[in-house]
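Here's the structure we're looking at; comments come further down.
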Amino acid sequence: MKLRFFIAITLFGMLFYSCGEDKKQEDAMPKVEEVATDDFSYQVDQFADLKVLRYKIPGWADLSLDEQKLVYYLTQAGLAGRDIMWAQNYRHNLTIRKALENVYTKYDGDKNSEDWKNFEVYLKRVWFSNGIHHHYSTAKLKPDFSAEYLQEILTATNTTLEGEAFDVIFNDKDSKKVNLSKDADIVLESAINFYGPDVTTADVEAFYGAIEVDANEPIEKGLNTKLVKENGKLVEKVYKSGGLYGEAIDKIIYWLEKAEGVAEDENQAKALSLLVEYYKTGSLETWDDYAVAWVNSTEGDIDWINGFIEVYNDPKGYKGSYETIVEIKDFDMSKKMAVLSKEAQWFEDNSPLMEEHKKKEVKGVSYKTVIVAGEAGDASPATPIGVNLPNNNWIRQNHGSKSVSLGNIIDAYNNAGGSGRLQEFAHDEEEIELEKKYGQLADKLHTALHEVVGHASGQINPGVGTPKETLKSYKSTIEEGRADLFGLYYLMDPKLQELGLVEDWEATGKAAYDGYIRNGLITQLVRLELGDDVEESHMRNRQWVSAWAFEQGEADGVIEKVTRDGNTHYDIKDYTKLREIFGRLLRETQRITSEGDYEAAKALVEDYGVKVDQELHKQVLDRNSKFKSAPYSGFVNPVIVPDTDDTGEITGFTIKQPGSFEEQMLNYSKEYGYLD
């Protein structure tokens, strides 16, 4: 699961989105005005509501040549599948991108006009989102130029874009990539390209409900397929060599086989071999075999995430989005955070969960800080800050999981500069000072607690189906809220100081609680357009957690709603009671998960997590309008360039930074455009 916690980064605290994500997600951001600590230029571009950053690869020179080759081959494998994510996001994305890029590179008309500038911004937004729907809100991007202007520049560059692929840019069709409205046919009315255009929610439920799986070791049904109707019959198109997206998958296989040849040890080589076999066959049994081998491959300095993984983009939670992250161990930080893994059972045993919902043995939880060397698919440009995998629950229970924090990504955010939003939305100077002094540490600990003990905690009652089956479209937001709550409960526990993770557990906990409530009730609203409901699972979970906690403590004045100069703030008056409230909600969300209580999940999310106070929303947008820093951030990737001798043998590598966002995007389309 991913801590995106999918990242938009905001200036209001590190939020949580889980990879299984952390993209994608979004959700971390420096909260105070900061400046870069060296001469490295972190910011590449800013446009619309987006900021594009760079990141370093510290420690690269300390790797052996074979380790560098392994990283290079794995990053190439990731980029080879980049277009799969574009195709998954929407059926016309690749056609539209090709046309827009052709215009961008060939147009020699007036490039100083407002129309052209708006066209450039629209193209950059499409690049950032891997398609024509916003990477976070999933709403269709609206161009600030007319259909007539687009047709004019298409004609001027001899570019063809017609029919539905042209019309959909401007009309109301396919307006949401993921539509989770309780009143919608969430499959039929979602633009995501996991299902044929005539496949309904009822079709999906009937098709996958009829597939029997091993009760003890169930496969992730439908993870790597597109479900379509052929002659009125539902059939799956499998992502594999020779199947759907086969041209790109063959390139992935090519680079993974080269990576296998320089694997650091036998366990790593075995995992890579199984991943190759999975891509060749599309077998979900092989995918599980790979996941077991991968989670048990722990000795190398290099690791990776590669496959069809996170199901957040599927309204029914079956289909995995293509994603890759290539990682190098950060040894110093990993040692510091290993203490949480070691103490995972203590956290489980002392949690407020019902005894029957606690795991008797938390297996194989590991947490490391890693250095990202490359990302693609669902992890790029908008990246998670933390990842916990595999997602298949029986593998997690029987073999453990890997949980990582993307250290250099977080560092890049922290060094890229901030704004005065904290001063605007915090209640008072005490809250501001707590955030400045303890906020970043609180964010890191919440990330770690969310991933290491949060997602690893709890168990489902015997005979109860998986959350995907029982909680349906509410599965993701309930799971992310459950993990958030586990972290929140322990952020105000002196155990953290006893373990040497903080110097002042109470101050760190207060900063964490302030930031979470501030974001859940106020500042995350800057991501929505006025009048919108909350759609994205992580935003929903932050709102329902915060709103429920506010309501539960209202009679006792636990959190006070303050209006000052016409502006709304929330002031926590009793942190101890708020912790108790978080504990009660954690207990209830675990009960919902363990018992598969769909109606309770629906009530919690719909009553507290979806609707927005429109008067408050307008106020927040007005207050935020004075700030120029974009609310969402993403990254270009460093370019790893092989150095070769006269025979073509790789002798080393040079790390280069792309000069611009458009340079990298155009190069990716040229070098890795394997799908038509």
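Assorted remarks:
- For Asn118 and Gln151, the difference between the fully extended length at 0.36 nm per residue and the C-alpha to C-alpha distance is 10.4 nm.
- What a 1.4 Å probe finds exposed on the chain is 45% carbon and sulfur by accessible area, rounded to a whole percent.
- Accessible area per residue for the chain is 37 Å², calculated with a 1.4 Å probe on protein heavy atoms, without ligands, DNA or RNA.
- Cross-link check: pairs Lys237/Lys472; Lys437/Lys577; Lys468/Lys628; Lys368/Lys573; Lys173/Lys319 evaluated at a Cα-Cα cut-off of 29 Å; pairs beyond the cut-off: Lys468/Lys628; Lys368/Lys573.
- With the highest mean first, a sort of the peptides 216-223, 197-204 on other beta-carbon atoms found within 10 angstrom per residue produces 216-223, 197-204.
- Qualifying aspartates and glutamates (Cα of each under 15 Å from Cα of Lys176; at least 8 residues distant if same chain): Asp185, Glu189, Asp314, Glu529, Asp532, Asp533, Glu535, Glu536
- Once Rg and Dmax of the Cα atoms in Å is calculated for the structure shown, the corresponding label among [x] 31.2, 100; [y] 28.0, 84; [z] 23.7, 77 turns out to be [z].
- Each Lys and Arg adds +1 at its Cβ and each Asp and Glu adds -1 at its Cβ; summed about the Cα centre, the stretch 122-183 shows a dipole of about 440 debye.
- Value at 222 nm in deg cm²/dmol, rounded to 500, when DSSP H runs of n ≥ 4 in the chain each add -39,500 (n - 2.57): -13000 deg cm²/dmol
- The phi torsions of the stretch 551-560, fed into the Karplus equation with coefficients 6.51, -1.76 and 1.60 and a -60° offset, translate into couplings of 5, 5, x, 4, 4, 9, x, 5, 10, 9 Hz, rounded to whole numbers, with Gly and Pro shown as x.
- Vicinal HN-Hα couplings computed from phi for the stretch 120-133 (Karplus, 6.51 cos²θ - 1.76 cosθ + 1.60; Hz; Gly/Pro x): 4, 5, 4, 4, 5, 5, 5, 4, 4, 8, 6, x, 8, 10
- At R0 = 51 Å, FRET efficiency that the Cβ-Cβ distance of Glu615 and Glu356 yields, to 0.05: 0.70
- Volume per residue of the C-alpha convex hull in the stretch 175-255, rounded to whole Å³: 144 Å³
- Long-range amide H partners of Lys402 with built H, under 5 Å: Leu389
- With bins 10 Å wide beginning at 0, the percent of Cα pairs of the stretch 198-350 falling in each bin runs 9, 32, 31, 20, 8, 1.
- Euclidean distance of C-alpha centroids, the stretch 520-573 and the stretch 393-446, integer Å: 19 Å
- For the peptides 121-129, 97-105, 491-499, residues were scored by their other Cβ atoms within 10 Å and the scores averaged per peptide; the highest-first order is 121-129, 97-105, 491-499.
- Peptides ranked, highest mean first, by Cβ atoms within 10 Å: ranges 233-240, 402-409: 402-409, 233-240
The values are calculated or read from the model by the stated rules, or taken from the named source; none is laboratory data. As the structure is a prediction and not an experimental result, all values here were calculated from the model. Glycine gets a Cβ as well: all are built from the backbone with ideal geometry, and neighbour counts include every protein chain shown. Areas reflect the complete protein model, heavy atoms only, side chains present, ligands, DNA and RNA absent. Shrake-Rupley method; radii C 1.70, N 1.55, O 1.52, S 1.80 Å.
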